[in-house]
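Participant: My structure is below; once you've seen it, I'll send some questions.
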Amino acid sequence: MVSFELQAVDSKTGARAGILHTPHGDIPTPVFMPVGTQGTVKTMPWRDLIDFDTRIILSNTYHLYLKPGHELIARLGGLHEFIRWNRAILTDSGGFQVFSLSDLRKITDEGVMFQSHHDGSYHFFTPEKAIEVEYILRPDIMMSFDQCTDYPISEIDARIAVERTFLWAKRGYERWTELVGDDKHIENAPSLFGIIQGSVYPNLRRISAEQILSIDFPGYAIGGLSVGEPKQEMFDILKLLLPMMPSRKPRYLMGVGKPEDIIRAVALGADMFDCVLPTRNARNASVYTWNGKMSLKAAYYAEDTRPIDENCGCYTCRNYTRAYIRHLFSAGELLAPYLATHHSIYFFMDFMRKIRQSILDGNFSNFMKNFLENFNTETQHH
């Protein structure tokens with residue numbers, strides 16, 4: 001089971017540094033979790049992630065349930081053993097994928113009927129079934145099955161989703177409690193986090209928070225943001241919700257991954273983040289540096305003998321030039337996405353480490369100010 005230890009709170013902002021204790025090791029927070037949807041962070045061997053001191057990755061229940069199947073993974077010893085990753089894993093519930101990938105789905109209070117995007121086969125997920133599938137995978141942290149909403153969404157539809165999310169959270173929590181009660185290795189049992197929904201409607205967010213926080217989850221998450229809503233609306237919701245969340249439990253902001261958004265959310269009191277952005281962008285030659293975003297395909301770099309980022313200590317930056325990496329992308333070489341992803345994940349791990357250290361040192365406000373002044377959110381040629 002997981003527990004959270006709060007170590008420091010920045011005096012000028014709400015930024016927090018802590019340690020999330022899990023069955024597979026301690027995780028210093030704030031933390032960014034690389035996404036390993038199918039049980040792999042795309043193009044990355046574990047060796048690289050361990051070199052970066054990555055303590056936790058995120059895997060996707062929906063994808064693993066469909067292929068290779070949760071029961072097969074259980075027969076092979078659970079997700080950690082199957083993928084041979086001996087650090088922490090968080091699994092999402094599959095709710096987001098059920099709503100975003102399945103063309104044909106039917107949602108009722110009972111659950112969701114959906115079709116596999118692989119072969120069109122029909123599957124029915126109740127909140128209990130989602131919890132059972134996650135539990136069989138045996139991650140360190142599993143997420144409640146919730147109703148994700150698109151943006152924009154009407155207030156009426158958002159309200160229905162909030163009520164359903166609460167209903168499902170209660171049912172999922174009950175099933176999780178039963179499974180923990182029967183667990184012969186309770187110290188390694190997965191912990192369940194609840195998810196607050198409500199789109200961009202402050203009144204619905206407040207209702208959802210009160211409902212979800214009334215259930216004694218080991219941690220709480222904010223879902224349904226970073227889905228296309230205006231940036232200011234996202235931060236308005238965070239300013240409302242984060243102070244409502246218990247200070248002694250981890251606060252997870254789901255799906256937010258732009259560095260400038262992460263650091264602002266940390267300032268408001270968020271502890272955990274995940275996003276496909278660093279890996280997906282890197283495979284398409286777009287990487288982050290301490291100066292901002294850059295596209296390695298740009299003709300501008302054809303003869304540039306500098307590393308991607310002169311302030312970076314990763315293997316890619318120590319050994320390869322922008323000109324060469326650009327050539328690899330132009331030639332369609334498989335080394336290109338690996339080198340770009342390697343740099344990208346290293347940057348995010350380094351970024352989070354420096355944020356955390358600045359909180360512990362009582363210097364977070366200055367660190368954030370300097371970072372945002374030097375970080376250009378538009379793709380740069382520099």
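The values are calculated or read from the model by the stated rules, or taken from the named source; none is laboratory data. What you see is a predicted model, and the numbers here were worked out from it, not measured in a lab. Using ideal geometry, Cβ is built from the backbone for each residue, glycine included, and neighbour counts are taken over all protein chains shown. Only protein heavy atoms, including side chains, enter the accessible area calculation; ligands, DNA and RNA are left aside. Shrake-Rupley method; radii C 1.70, N 1.55, O 1.52, S 1.80 Å.
Participant: Any chance you could run the full-extension gain for Glu378 through Asp150? It's 0.36 nm times the residue separation minus the Cα-Cα distance, nm to one decimal.
Facilitator: Values: separation 228, 0.36 × 228 = 82.08 nm, distance 2.55 nm.
Contour length minus the Cα-Cα distance gives 79.5 nm.
Participant: Right, here's the next one. Excluding Tyr301 itself, calculate the net charge of residues whose Cβ lies under 13 Å from the Cβ of Tyr301, where each Lys or Arg counts +1 and each Asp or Glu counts -1.
Facilitator: On the way: positive: Lys297, Arg306, Arg322, Arg326; negative: Glu303, Asp304, Asp309.
So the surrounding residues net to +1.
Participant: List every DSSP H helix in the chain whose Cα atoms extend 27 Å or more along the helix's own long axis and whose mean Kyte-Doolittle hydropathy is at least 0.0.
Facilitator: Working: long enough: 155-181 (39 Å, -0.43); 335-360 (38 Å, 0.30).
Those that clear 27 Å and a mean of 0.0 are 335-360.
Participant: Same structure, new question: Output the antiparallel fraction of DSSP beta bridges having both residues in the chain, as a percent to the nearest 5. Present the calculation step by step, with values, prior to reporting the outcome.
Facilitator: Details: 22 of 48 bridges.
For the chain, the DSSP antiparallel bridge percentage is about 45.
Participant: A further question on this structure: Glu81 versus Phe235, label points 7 Å from Cα toward the beta carbon: distance in nm?
Facilitator: Taking the two extended label points, one gets 4.8 nm.
Participant: Mind ordering 195-205, 326-336 by average Cβ neighbours within 10 Å, highest first? The partial results should precede the final answer.
Facilitator: Details: 195-205: 23.3, 326-336: 14.9.
Top to bottom by mean Cβ count within 10 Å: 195-205, 326-336.
Participant: What shape does the range 108-171 have by the C-alpha gyration tensor, where a ≥ b ≥ c are the square roots of the eigenvalues, rounded means a/c under 1.5, and otherwise prolate means a/b greater than b/c and oblate the rest?
Facilitator: Numbers: a/c = 1.97, a/b = 1.30, b/c = 1.51.
Verdict is oblate for the range 108-171.
Participant: Which of the peptides 245-251, 231-237 is most tightly packed, and how do the rest follow, judged by the mean count of other Cβ atoms within 10 Å per residue? Numbers along the way, then the final one.
Facilitator: Values: 245-251: 19.4, 231-237: 16.1.
Ranking, from highest mean packing down: 245-251, 231-237.
Participant: Something else now. Quick query: amide H of Cys275 versus all other amide H atoms, modeled in the peptide plane; which residues come in under 5 Å with a sequence gap of 5 or more or a different chain?
Facilitator: Result for Cys275 returns Met33, Val35.
Participant: From the P(r) of the range 263-332, could you give the percentage of C-alpha pairs in the tail past 14 Å? List each step's numbers first, then the result.
Facilitator: Details: 1566 of 2415 pairs.
The proportion of pairs with Cα distances above 14 Å equals 65 percent.
Participant: Additional query: Please report, as a whole percent, how much of the solvent-accessible surface of the range 63-158 comes from carbon and sulfur atoms (probe radius 1.4 Å). List each step's numbers first, then the result.
Facilitator: On the way: 2240 of 4310 Å².
That fraction is 52 percent.
Participant: In addition: Could you please put Met143, Met113, Met368 in sequence from largest to smallest accessible area, using a 1.4 Å probe? List each step's numbers first, then the result.
Facilitator: On the way: Met143 0, Met113 75, Met368 35 Å².
Largest accessible area first, the list is Met113, Met368, Met143.
Participant: In Å², what does the accessible area per residue of the chain work out to with a 1.4 Å probe?
Facilitator: Working: 15710 Å² over 382 residues.
That works out to 41 Å² for each residue.
Participant: Now a separate question. Taking the Cα atoms of the range 296-355, what is the range of coordinates along each of the three principal axes, in descending order and whole Å?
Facilitator: Projected onto its principal axes, the Cα set of the range 296-355 covers 36, 21, 18 Å.
Participant: Note the listed values (1) 28, 26, 21; (2) 31, 27, 25; (3) 33, 24, 21, then indicate which one is semi-axes √(5λ) of the Cα gyration tensor in Å calculated from this particular structure.
Facilitator: Here semi-axes √(5λ) of the Cα gyration tensor in Å agrees with entry (3).
Participant: Here is a further query. Does anything in the range 363-382 have its amide N under 11 Å from the 7 Å Cα→Cβ label point of Lys12, and if so which residues?
Facilitator: The answer is 363-370, whose backbone nitrogens lie closer than 11 Å to the label point.
Participant: Which cross-chain or sequence-distant (5 or more) residues have an amide H under 5 Å from the amide H of Ala221, H modelled 1.01 Å from N in plane?
Facilitator: Sorted by chain and number, the residues that satisfy this are Gly194, Ile195, Ile196, Tyr252.
Participant: Go ahead and estimate [θ] at 222 nm for the chain from helices alone: -39,500 (n - 2.57) per DSSP H run with n ≥ 4, summed, over the residue count, rounded to 500. Don't skip to the answer; put the middle values down first.
Facilitator: Details: 15 runs with 159 residues, N = 382.
-12500 deg cm²/dmol, from helical runs alone.
Participant: Now a separate question. As a quick test, which of the pairs Lys258/Lys354; Lys67/Lys170; Lys42/Lys249; Lys42/Lys129; Lys129/Lys249; Lys106/Lys170 have an alpha carbon distance above 19 angstrom in this structure?
Facilitator: Details: Lys258/Lys354 16 Å; Lys67/Lys170 28 Å; Lys42/Lys249 30 Å; Lys42/Lys129 28 Å; Lys129/Lys249 26 Å; Lys106/Lys170 21 Å.
Check vs 19 Å cut-off fails for Lys67/Lys170; Lys42/Lys249; Lys42/Lys129; Lys129/Lys249; Lys106/Lys170.
Participant: By per-residue mean of other Cβ atoms within 10 Å, what is the highest-first order of 339-347, 173-181, 116-124? All intermediate terms of the calculation are to be shown ahead of the outcome.
Facilitator: Details: 339-347: 24.8, 173-181: 16.1, 116-124: 11.4.
Averaged packing, sorted descending, gives the order 339-347, 173-181, 116-124.
Participant: Would you calculate the separation in nanometres between label points at Asp26 and Tyr122, each defined as 7 Å from the Cα along the Cα-to-beta-carbon direction?
Facilitator: 5.1
Participant: Now a separate question. Carbon and sulfur atoms: what percent of the 1.4 Å accessible area of the range 232-382 do they account for? Mind dumping the intermediate values first?
Facilitator: Details: 2910 of 6300 Å².
Carbon and sulfur: 46 percent of the exposed surface of the range 232-382.
Participant: Can you give me the distance in nm between label points at Lys297 and His185, each placed 7 Å from the Cα along the Cα-to-Cβ direction?
Facilitator: Here the modelled spin labels are 4.5 nm apart.
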